[in-house]
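Engineer: Pasting in a structure now, in structure tokens, and then I'll have a few things to ask.
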Amino acid sequence: DSGVTQTPKHLITATGQRVTLRCSPRSGDLSVYWYQQSLDQGLQFLIQYYNGEERAKGNILERFSAQQFPDLHSELNLSSLELGDSALYFCASSSKGVNEKLFFGSGTQLSVL
Amino acid sequence: DQQVKQNSPSLSVQEGRISILNCDYTNSMFDYFLWYKKYPAEGPTFLISISSIKDKNEDGRFTVFLNKSAKHLSLHIVPSQPGDSAVYFCAASGSNFGNEKLTFGTGTRLTIIP
């Protein structure tokens, strides 16, 4: 158990809809990362937050947004969903966010039908 | 633009033998490298890392080798055990990028044959 909690584990929705994925980092970790893993793809970095502030941005679509709350949990919002958004979404956390190993949650499997 | 490449999608190795997983990178600014292991229905878990100031790091049955001139790293597992069957991801980051995100390869599925 990595200590990182992601909910829900599975999400099935239709095109055009909006969903929210939730992540609770390990106790004491200030940095939260979101990654997307599509079929046969590696883990694609989406966005990083550190202590409530956006720290780094990767290949995140404009239809996607994220935030980190004062209690350090994070949410990833995906809107106007398309079939191609179907993927496994991972959240990870680390204590400082600098060249550190990340602790990953077990992911949210999103299926857009 | 795949900056971290794992060119072998899969690898099968006999139990007890050595497993060698390879990873190449293109960005010379990367200075920290990690290997993650992923079982089905679980998130990736950290396995071993190496800083660019070293060329080898060992942890039990796992050894990572770094060849900076070739921009190549490899993970050696000796001896391989059935529990090592998983997908292995290579990852890299650079402390001078302005951010420290990890860039992952596409993974190699390792199957250990009993």
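Engineer: So which residues in the stretch A:97-113 are part of a strand (DSSP E or B) and under 30 Å from B:ILE53 (Cβ atoms), if there are any at all?
Structural biologist: Matches in the stretch A:97-113: A:PHE103, A:PHE104.
Engineer: Among B:LEU34, B:LEU11, B:LEU47, which is touching a strand residue (DSSP E or B) at 6+ places or on another chain (Cβ under 9 Å), away from chain A (no Cβ under 12 Å), at pLDDT 90 or above and not in a loop (DSSP other than H, G, I, E, B)?
Structural biologist: From the options B:LEU34, B:LEU11, B:LEU47, the qualifying one is B:LEU11.
Engineer: Output the residue which, of all residues in the stretch B:49-67 that are out of contact with any Ser or Thr (no Cβ under 8 Å at 6 or more places or on another chain) and β-branched (Val, Ile, Thr), is nearest to B:TYR88 (Cα to Cα).
Structural biologist: Filtering first and then ranking leaves B:THR63.
Engineer: Additional query: I'd like to know if the stretch B:57-64 contains one or more residues that are in contact (Cβ under 8 Å) with a residue 24 or more places away in the chain and either buried (at least 18 other Cβ atoms within 10 Å of the Cβ) or of a type in the set (S, T, N, Q) (or both).
Structural biologist: Yes, some residue in the stretch B:57-64 is in contact (Cβ under 8 Å) with a residue 24 or more places away in the chain and either buried (at least 18 other Cβ atoms within 10 Å of the Cβ) or of a type in the set (S, T, N, Q) (or both).
Engineer: So B:ALA91 ticks every box in (1) in a loop (DSSP other than H, G, I, E, B); (2) within 15 Å of A:GLU100 (Cα to Cα) but one. Which box is left unticked?
Structural biologist: (1)
Engineer: Keeping to the stretch B:1-42, report how many residues are closer than 10 Å to B:TYR88 by Cα and of a type in the set (A, V, I, L, M).
Structural biologist: The number of residues fulfilling the criteria is 1.
Engineer: Also: For a quick check of your reading: which strands (runs of 3 or more DSSP E) sit entirely within the stretch A:27-96 and have at least 2 residues that are under 18 Å from A:LYS9 (Cα atoms) and not β-branched (Val, Ile, Thr)?
Structural biologist: Of the strands (runs of 3 or more DSSP E) lying wholly inside the stretch A:27-96, those with at least 2 residues that are under 18 Å from A:LYS9 (Cα atoms) and not β-branched (Val, Ile, Thr) span A:31-37, A:74-78, A:87-94.
Engineer: Restricting the search to the stretch B:50-67, which residues are part of a strand (DSSP E or B) and more than 9 Å from chain A (Cβ to nearest Cβ)?
Structural biologist: If the condition is that a residue be part of a strand (DSSP E or B) and more than 9 Å from chain A (Cβ to nearest Cβ), then B:ILE50, B:LYS56, B:ASN57, B:GLU58, B:ASP59, B:PHE62, B:THR63, B:VAL64, B:PHE65, B:LEU66, B:ASN67 are the ones that fit.
Engineer: Quick one: in the stretch A:54-105, of everything that is of a type in the set (S, T, N, Q) and either within 14 Å of chain B (Cβ to nearest Cβ) or without any contact (Cβ under 8 Å) to a residue 24 or more places away in the chain (or both), which residue is nearest to A:LEU39 (Cα to Cα)?
Structural biologist: Filtering the stretch A:54-105 for residues that are of a type in the set (S, T, N, Q) and either within 14 Å of chain B (Cβ to nearest Cβ) or without any contact (Cβ under 8 Å) to a residue 24 or more places away in the chain (or both), the one nearest to A:LEU39 (Cα to Cα) comes out as A:ASN59.
Engineer: Among the residues of the stretch A:34-81, how many are more than 20 Å from A:GLY105 (Cα to Cα) and surrounded by 15 or more Cβ atoms within 10 Å (Cβ to Cβ)?
Structural biologist: 2
Engineer: Quick test for you: out of A:GLY84, A:GLY16, pick the one residue that is surrounded by fewer than 16 Cβ atoms within 10 Å (Cβ to Cβ) and at positive phi.
Structural biologist: Answer to the selection: A:GLY16.
Engineer: Return the residues of the stretch A:4-43 that are away from every other protein chain (no Cβ under 11 Å) and among the small types (Gly, Ala, Ser); say none if nothing qualifies.
Structural biologist: Residues satisfying the conditions are A:ALA14, A:GLY16, A:SER24, A:SER27, A:GLY28.
The values are calculated or read from the model by the stated rules, or taken from the named source; none is laboratory data. Small disclaimer: the values here were computed from a predicted structure and weren't measured. Neighbour counts are summed over all protein chains in view; Cβ atoms, including those assigned to glycine, are modelled from backbone coordinates with ideal geometry.
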